[in-house]
1. Being of a type in the set (Lys, Arg) and either closer than 16 Å to Lys41 by Cβ or assigned to a loop (DSSP other than H, G, I, E, B) (or both) is the filter here; which residues of the range 58-85 pass it?
2. Identify, please: which residue in the range 78-114 is within 23 Å of the chain's Cα centre (by Cα), at pLDDT 75 or above and of a type in the set (Lys, Arg) and is, among those, farthest from Asp68 (Cα to Cα)?
3. Pick from the range 136-176 the residues that are in a strand (DSSP E or B) and among the basic types (Lys, Arg): which of them is farthest from the chain's Cα centre (by Cα)?
4. Might you let me know whether the range 116-135 holds any residue that is in a strand (DSSP E or B), at pLDDT 85 or above and under 30 Å from Met81 (Cβ atoms)?
5. Can you tell which of Ile27, Ile9 is at pLDDT 85 or above, hydrophobic (A, V, I, L, M, F, W, C) and either closer than 16 Å to Gln70 by Cβ or not assigned by TED's automatic domain parsing to the domain that holds Asp76 (or both)?
Amino acid sequence: MERLTVESILHFGSEMAFADASTYTCIINLDKSKKDKVHFKKVTPMEINNPFDWDYILYENLSNNNWDLQSQKVFDTIDKMKKQPHSVNDVFDRIFQGIASGGDKLFTLEFISNNGETGLFFSAILNKVVEIEFRILKPFVKSNQISKYEYIKNSLFTLFLYKIIEGKAVPLKFKL
């Protein structure tokens with residue numbers, strides 16, 4: 001039996017290539033020479049005649065059990081991230097959706113200075129500096145504060161008037 005190598009895969013995903021058949025369809029080109037990478041592209045059946053650039057992945061990143069066809073650039077980026085000394089899990093505690101208050105001006109405070117258990121913060125809604133206890137604040141970052149090669153400088157806080165008890169947020173009680 002002659003051994004062939006997959007040269008390229010043109011796949012249509014879940015797009016219907018044939019009107020009468022619900023099937024996952026692809027076009028596979030085989031070659032007799034040994035290849036170091038597989039070229040692939042996902043297109044719709046209507047785009048098959050349009051010019052496109054092939055993605056590729058190295059054969060060494062594929063196994064007998066799984067062919068996860070993702071761009072080699074994506075694979076290299078994920079591999080590079082896995083080699084970093086810290087993961088997102090190491091740096092952040094309990095990531096979730098984030099702030100969805102619709103009241104950024106009300107709940108967002110910009111850090112100015114530390115006074116021990118309290119801090120000075122600028123409140124945009126009040127347009128003045130206020131002193132607030134750190135115990136009712138949580139730090140956060142916005143996407144525009146994150147840059148590729150720069151250390152994240154945390155300067156924003158939000159009011160968090162809860163304490164976590166057995167994994168649930170319970171409102172803080174205040175005496176007025």
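1. Across the range 58-85, the qualifying residues are Lys73, Lys83.
2. Ranking the qualifying residues of the range 78-114, first place goes to Lys83.
3. Lys163
4. There is no residue in the range 116-135 that is in a strand (DSSP E or B), at pLDDT 85 or above and under 30 Å from Met81 (Cβ atoms).
5. Ile9
The values are calculated or read from the model by the stated rules, or taken from the named source; none is laboratory data. Everything quoted here is computed from the prediction, not taken from an experiment. For neighbour counting, all protein chains shown are included, and Cβ atoms are generated from backbone atoms with ideal geometry for every residue, glycine included.
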